[in-house]
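Here is the structure we will look at, set down as structure tokens.
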Amino acid sequence: MKFLDQYYTFSSSLFSAGMIVAGIVSSILVSVSSQSSIWVARIFLALLMMLVLFTKKEEFERRKELGGGIHALIWKVTQGFSYLKKNKRVKNVVFGELFITFSLVWVGSAALQPYLLSSNLPSKLWGMTYSVSAAFGIITPFLAMKLANSFTNKKKYLIEVLLAHGLIFIMASLILSPVFALFFMFAHNILEDLFNPVNNSFFQQKVPQTVRATLGSLQNTFIGIGAFLVAIIGGFFVNQFNPQISIALAALFLLPAVGFYSKSK
């Protein structure tokens, strides 16, 4: 269990280190070119990541008795759904994460940029703000684990962070100014760094090693489909209403998430 805490702590910390570079580079690209240059950079990085993944080898042994092909895949998916149906603790966490995804994707992919534009915050400051929050994010995951261990259990810690995130969303729905927009971007990123490593470890510790990879895949599938649908619906909603109303709705998505986490023993 300690290994899981360490893995997700270091993983989240390294992700923040990458965000520092991304924020600086994005600011430079916007300054010398235009906002569209960001998309070109993302495409290039996606291709680069594909190349890196293709050149890496898997360092685990597959179970020989499962074999391969469609039959092994069907068996694994069936096993994952069966475990998810029987184990309410894991099911509550998965559904809780689904609503968290609804909320964060609704803000991050649909409402954040229109909100920042409405606040009259210069776009040149966006990348630098992400870099500053990412600099804090290098140490935030380590702080998150220490804070989580100070609670009687990680569930209570995660609920507290979700409530704090909801409060920030409500404040953003009521306040529109460049100064608060800077604070909102910073707080939003820091709260994610306080939540994600602890939550990932919390989920993995509830799942036996025999079905951990299968359930992790199902979890990512649910979240991926949910994120895709919410990004489309959220974009349409922001076009119909102002971004502050959209962010207020994102806060409401966190209420079912808190409810599901509360049910998880």
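We did not get these values from a lab; they are worked out from the coordinates using the rules stated. Owing to the predicted nature of the structure, the values given are computational and were not obtained by experimental measurement. Note: ideal-geometry Cβ built from the backbone for every residue, glycine included; neighbour counts use all protein chains shown.
Data for the structure
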| item | result |
| --- | --- |
| Pairs from K124/K146; K124/K154; K91/K156; K91/K154 whose Cα-Cα separation, in the structure shown, is over 27 Å | K124/K146; K124/K154 |
| Reciprocal of mean inverse Cα separation for segment 88-173 (Kirkwood radius, Å) | 15.2 Å |
| For segment 124-237, the fraction of alpha-carbon pairs in successive 10 Å shells from zero, as % | 12, 31, 40, 16, 2, 0 |
| For segment 151-264, with +1 on Lys and Arg beta carbons and -1 on Asp and Glu, the positive-most of A250, S262, V198 along the dipole | S262 |
| Per-residue ³J(HN,Hα) for segment 232-247, Karplus 6.51 cos²θ - 1.76 cosθ + 1.60, θ = phi - 60°, Hz, x for Gly and Pro | 6, 5, x, x, 5, 5, 5, 5, 8, 10, 7, x, 5, 5, 5, 5 |
